[in-house]
Amino acid sequence: MKKLGNVLKSAYLGLVVLFMYLPIAIMIGMSFTDSRSATQWRGFSFNAYVNLFKDRDVRDALIVTLTVAVISSILATIIGTATAIGMHSMKKRSRTIVESFTQLPMVNPDLVTGISMMLLFAFIGLSSDLGYLRLIIAHTTFNIPYVIFSVLPKLRQSSDMLYEAAMDLGCSPLQALIKVVIPDIMPGIVSGLILAFTLSIDDFAVSLFTGGATKNLSMLIFSKTAKGGVNTKFCALSALMFLVVAALLLFINLRSMKQEKEAAEQNKKVMRKS
Amino acid sequence: MKRVRLSYPYVFVWMPIFIIAPMLFVLYYALFRDGHFTFEFVKQVFADTTYLGAFWNSLWIALATTAICLLIGYPVSYILSNMKKRTAALVSLLFILPMWMNMLLRTLAWKIILAKWGQLYTPGAVLIATIYDFLPFMILPIYTTLMKLDKSHIEAARDLGANGVQTFLRVVLPQSIPGIISGVTMVFVPAMSTFAISTMLGGGEVVLLGQKIEEKFLSGSPGVIGVGSTLAIVLIILVIISMIIMNKVEKNNGTEGGTLW
Amino acid sequence: MKKTIAIVLAAVMAFAILPLLAACNNANTVNLLNWGDYLDPELIDAFKQQTGYTVKETNVTSNEEMLIQLDQDDCPYDMCIPSDYAVERLIAKGRLAEIDYNNIPNIKYIDKDLLEKCEVFDPGNKYSVPYTWGILGIMYNTKLVDEADLGSWDLLWNEKYAGQIYMYNSIRDSMAAALIKCGYDINTDNEAEINEAADALIELKNKNIVQAWLTDDVKDNMVNEDGAIALVYSGDAVWSMNTEDGGNADLSFFVPEEGSNIYFDNIVIPVNSKKKDIAEQFINFLLDPENAAKNTEFIGYSSPNTEVAELIDEFFTGNPAYNLTDEEKARCEIFRDLGDKIEMYEKAWDRVFK
């Protein structure tokens, strides 16, 4: 009975994974066709990759995307975590008010965020020469709420008594924060950071209206694919992106598993000694 | 109590300048033309049924996407949270990975498939790509919440004679509400306002509200931006209403959980 | 876990910031705001070799995006290639610099007739140099469409081909087809006429005559024979017929007898450009017959350069969508900037796309 349940569970997961990966697999497959357009198979070749590496626009856009994603997600994580901790100890009424305002950028259609930002930048005279700065400000702004709402549930689940106990045991408020609260909500912070990074990399609409001459990958893909169907160049780009992301995630995960294993063994030794 | 201060830089500096002020600009463009107050754009948006279709399309696609993502995603999160910790960490990577890939590229993948399948430029095409793009955003928050769930509660429920279904409905589900709420928020809001997906796959046969707004803003003339701003405000109000509903759900469940334990 | 993430992020950040610093040095760079795939990148390389100047290209997908970018005091671009009505608007707003033709001797290669046509939106040709031109028309698949049905805009409304027709998802272009079919001017500001044209487009939707309203996907779909008839720009038709470039030899193109829209994409220099002399040097470089021919083969749109016909592949000169006749040109009209009156078109268009 239990075995059957496990088989069913695995089968279900397998189906969902298939749904998630089949499109990507097809796209990767099409990156090896000998044709400019990804609509039909015309024999095997690496032409799409050659074209991709020759494309300076793609390289420039990749740099913009990464720079903006890294800087804005780190900024958003710092500001967002601090804000979430602050919000958690607010009185209920003021917290509700701040929470609803914080939700604004999430509630907002991203294109309206982009347009409103553009209006703001025009108003304060932040020149479109400074595309990087405009993109980083805009991305940080829409990332902060996502960090806050990743951290807040963790804060709700964690007990305030831990913080009080740490203070009773002689920690300063800052020490109590760093040594007790932050480790307790770390999964939330990490998923917030990951989410912020992902959203920044994925963003198209906000960037479109704020980036100006500074184009990220989404803006480039949109301007290129709107001009002529699906170029196999972008299938090649997807394939490479997939590889990099998979390798990166696997690496991070294996490292953390190894560390946990070591920690567990350490614990066992300590237990035996005592 | 001093912890409150940590939120001051955001609440009193960042938020007023970069969130509230820009929104006021949108409101200004909806209600003013060349510096003069006018209801012209509001009238234009509400006077006839012109924008009703786009509005309806956006609403049903967003609702269907959220419901289907929840239906597909919750069991995934639940199964993951019951796995051995190490296996779960590895398998969950499979669902995080697509989130790291560019959304336009993922949508392009569907364009290739749907073209072959002969289903491009249909509501179904837009729906399936929207579900595909947003599914990971449903799975991850629910999984994170379920993972944190205290397993001793489940054991206690079992010891007290609850069967599997009862345990799930009365212990697991109520405690995962915060995760569901964040998941629904992360799917419904962007699905409601998406325009890239329908631009790429809708072929003008499926027009969404977000697309209407984008077109209005890109055309650049003040009168048209006014209509766009008004539509944007309609969209915002609609999403805020859904937020209020979700907050209610969370609150109700929170007090119930409180009395239970 | 935490440490690893910190290390990885620090590494990525270091990698990301380096090019940011490098990008600041751009004294020898001119910025060009252009459509995607609308300039042979090899010409940018050649220009750099000849002069040492780098042309940095940024792409947009619509005239409206170009207008937004150029209509600001701190516009970072030194060159842009907007279409006719956008040039007209930019001139009216004082956003363009007068071109010094002393720096562009190659202007002598530009067709005098076409220059005269351009005076509609740029009197005296003071602010813009034609880059490409073409005519809005109908592309069709010779295997799938009866010859007897050709010739008129009515083909797009022909129920015989229901579900096989693509319209252009752009207000001015689809409205132009409908306006001419209804017997009106493509630049009309008469609300009743505009509404009648919109009703004609609504008919296309209600009767399911149109398979989809697309922009550039039209080309791929026509090549793959997913549809039989499409409203297109002549330049896009050329691309779709070029078998050497993955095109389909069964496709052809005609300009409807009722007349149509003739368009020009033109190089302009924003008024605040600090590198106007380099921009003019680049324009002159592009007008050189050899370079223009190379560029034309890359883009596939008709060139206003009189010397190009001799230098390009026969495929182009023999193509009905590239080699448009004087008679066809004479039937066509240029889009005018409608200013705020475009709102009437927007309203009508919203009725079509409910």
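Bear in mind that the values in this text are calculations on the coordinates, not laboratory data. Please read these numbers as outputs of a predicted model, since none were measured by experiment. Every residue, glycine as well, gets a Cβ built from its backbone with ideal geometry; the counts of neighbours run over all protein chains shown.
Observations, loosely collected:
- Radius 14 Å from Cβ of A:F32, net charge of other residues (Lys, Arg +1; Asp, Glu -1): +2
- Simple spin-label estimate for A:A11 and B:R170 gives 3.1 nm between the two label positions (7 Å along the Cα-to-Cβ direction from each Cα).
- Cross-link partners of B:K2 among lysines (Cα-Cα below 19 Å; sequence separation of 8 or more within a chain): A:K91, A:K92, A:K179
- Remark: the Cα gyration tensor places region B:3-72 in the oblate category, a/c being 1.5 or greater and a/b not exceeding b/c.
- Under the combined filter of DSSP loop state and at most 14 neighbouring Cβ atoms within 10 Å, region A:57-127 retains these trypsin sites (Lys or Arg not before Pro): A:K91.
- Taken along the Cα-to-beta-carbon direction at a fixed 7 Å, the label points for B:L90 and B:T38 span 6.4 nm.
- Distance from region C:141-172 to region C:277-334 (C-alpha centre basis), Å: 28
- Spin-label model, A:Q40/A:D168: points 7 Å from Cα along the beta carbon direction are separated by 7.7 nm.
- Degrees separating the helix B:209-218 axis from the principal Cα axis of chain B, which is the longest one: 40
- Over the protein assembly as shown, DSSP H runs of length four or greater, each weighted -39,500 (n - 2.57), average out per residue to a 222 nm ellipticity of -20000 deg cm²/dmol.
- Nearest 10 degrees, 0 to 90: helix C:191-206 Cα axis against chain C principal axis: 80
- On Cα atoms only, tilt of C:171-181 relative to the major axis of chain C in degrees: 30
- Proximal aspartates and glutamates relative to C:K276, as straight alpha-carbon distance under 17 Å, when same-chain residues fewer than 8 apart are discounted: C:E57, C:D73, C:D74, C:D78, C:E98, C:D100
- Under 15 Å from a label point set 7 Å out along the Cα-to-Cβ vector of B:T49, the amide N atoms of region C:331-354 belong to C:351-354.
- Surrounding net charge for A:A48, when Lys and Arg each add one and Asp and Glu each subtract one, Cβ distance under 12 Å: +2
- Set of lysines with alpha-carbon distance to A:K2 below 17 Å, sequence-local pairs under 8 removed: B:K84
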